[in-house]
Amino acid sequence: MKVVYSPDLTRHDPAAEIWVGVRIVGTEVARRVELVAAATEAQGHQLVAPRLVTAAELEAVHDPGLVEFLRTAWSRWQESGYPREPGQDRVVPYVFPLYSFSSGRPPRRPASVAALAGLYAFDTMTLIGPGSWEAIEAAASCAVTAVDLVVAGEQVAFAAVRPPGHHAGRDFYGGSCYLNNSAIAASRLVAPTGGPVSVIDLDAHHGNGTQEIFYRRADVRYGSVHIDPAAGYFPHFLGFATERGEGQGEGANLNVPIPPGTGDREWLSAVEELRDLADGSRAIVVSLGVDAWSDDPESPLEVTHDGYRTAGTLLGEMGLPTVIVLEGGYDLAEIAALTTSFLDGFLGTSSTGPSG
Ligand code: SP5
Ligand code: ZN
């Protein structure tokens, strides 16, 4: 299997997140993807470099204003002098123009880049600094390159990327995500396969960005198993089972929220529901977050290596053209083994990893 990877993915180093107003050490670090790429290569998969994503591919899914903001925010932040005064070395939002703030009228574009960040960011945790844009663009580039490979006849390709993407929507970023790599891939798969395409999201958190991008569309379905937002977990406001899509997309969105402490058996039965949603699709995109793992610092789920391997088997057995895109997963000791467990299950190969 080909694994699309670029050293540029490591150039984004948020170093921190602002959580409940406090600057804490961030868990979405460059080492994550270095470990995953090295492990897949050690298992005999071939690392390939991406071609550059086009503006049309980005804008099929994202507002050009969001893309332009992400591309220029760090240089504007430096020009504004914030790193010296008040001493903030990352782009952090400051004022949030909520929908009702202007009674639904579109907000004016503010002159200040700190205010502009509040137009696009939905949280304070998702920082932008030197190298961020280069990595964000590289991640989207890897995703579309994986699509190219599948369209050219590969059964499956893996975009080993970060920053992750599934919390980013048409015109918003957050949850450590900036551009939605999986949604860009899914959108790009529709024309060459004829559609429909299904995104199956195994990350421990609900992929609110992917859901919203496709909420009114029938040509891309979205299914997710994730920690129940009603139990107090990110993204808090979305990911409920009642969200089923609207208009043309009615019935094409499936959320399976599960409680803290859920292990392999119930998680895998949810994966089977997602597989049923994808039935009749021409291709699938797997949003492969491995943070449902039992010791992950960002989630209270209790999925094991065997669980991820079996999920891989369930999705591999569908026999559809598949693009796998890395999302979350923050236990540096296990992220590589969890990922290769899933890939082994998908490919029907036996594991040589430590969990075998
Ligand atoms: C892609 C992805 O997995 N994004 C996950 C973002 C979830 N972040 C939630 C952060 C909630 C607070 N985290 C602080 C942990 C302190 N122990
Ligand atoms: Zn996650």
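Key figures
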read-out	value
Answer residue from the range 284-296, given it is away from ligand 2 (no atom under 11 Å from the Cβ) and part of a loop (DSSP other than H, G, I, E, B) and is surrounded by the most Cβ atoms within 10 Å (Cβ to Cβ) among those	SER294
Filter result for LEU347 (within 16 Å of ligand 1 (Cβ to nearest atom) and not β-branched (Val, Ile, Thr))	no
Residue count, the range 118-139 (criterion: in a loop (DSSP other than H, G, I, E, B) and more than 16 Å from ligand 1 (Cβ to nearest atom))	3
Subset of the range 81-120 that is in contact with a helix residue (DSSP H, G or I) (Cβ under 6 Å, 6 or more places away or on another chain) and of a type in the set (Ser, Thr, Tyr) - its residue that is farthest from ASN180 (Cα to Cα)	TYR94
Filtered residues of the range 162-208 (kept if farther than 16 Å from LEU58 by Cα and more than 14 Å from ligand 2 (Cβ to nearest atom))	PRO192, THR193, GLY194, GLY195, PRO196, VAL197, SER198, VAL199, ILE200
Residue match in the range 155-175 (condition: surrounded by fewer than 24 Cβ atoms within 10 Å (Cβ to Cβ) and in contact with a Lys or Arg (Cβ under 7 Å, 6 or more places away or on another chain))	no
The one condition in (1) assigned to a loop (DSSP other than H, G, I, E, B); (2) of a type in the set (Gly, Ala, Ser); (3) under 23 Å from ALA311 (Cα atoms) that ALA146 fails to fulfil	(1)
Qualifying residue in the range 32-55 (condition: at pLDDT 95 or above, within 16 Å of ligand 1 (Cβ to nearest atom) and not aliphatic (A, V, I, L, M))	yes
Counted residues, the range 231-267 - those being of a type in the set (A, V, I, L, M), in contact (Cβ under 8 Å) with a residue 24 or more places away in the chain, in contact with a strand residue (DSSP E or B) (Cβ under 7 Å, 6 or more places away or on another chain) and over 18 Å from VAL303 (Cα atoms)	2
Selection count, the range 154-173, where residues are of a type outside the set (D, E, K, R) and part of a loop (DSSP other than H, G, I, E, B)	9
Odd one out for GLU85 among (1) under 24 Å from the mean Cα position of the chain (by Cα); (2) surrounded by fewer than 18 Cβ atoms within 10 Å (Cβ to Cβ)	(1)
Any hit, the range 310-317, residues being modelled with pLDDT of 95 or more, away from ligand 2 (no atom under 16 Å from the Cβ) and crowded, with 23+ Cβ neighbours inside 10 Å	yes
Filter result (among the hydrophobic types (A, V, I, L, M, F, W, C), in a strand (DSSP E or B) and within 13 Å of ALA283 (Cα to Cα)) within the range 316-334	VAL323, ILE324
Single residue of the range 284-325 satisfying the filter (charged (D, E, K, R) and away from ligand 1 (no atom under 12 Å from the Cβ)) that is farthest from ALA191 (Cα to Cα)	ASP295
Test result for ALA270, within 16 Å of ligand 2 (Cβ to nearest atom) and either of a type in the set (A, V, I, L, M, F, W, C) or surrounded by fewer than 19 Cβ atoms within 10 Å (Cβ to Cβ) (or both)	yes
Qualifying position, being crowded, with 19+ Cβ neighbours inside 10 Å and not hydroxyl-bearing (Ser, Thr, Tyr), among ALA55, ALA73	ALA73
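The values are calculated or read from the model by the stated rules, or taken from the named source; none is laboratory data. Just so it is clear, the model here is predicted, and its values are computed rather than measured. Ideal geometry is used to build each Cβ from the backbone, glycine not excepted, and the neighbour counts take in all protein chains shown.
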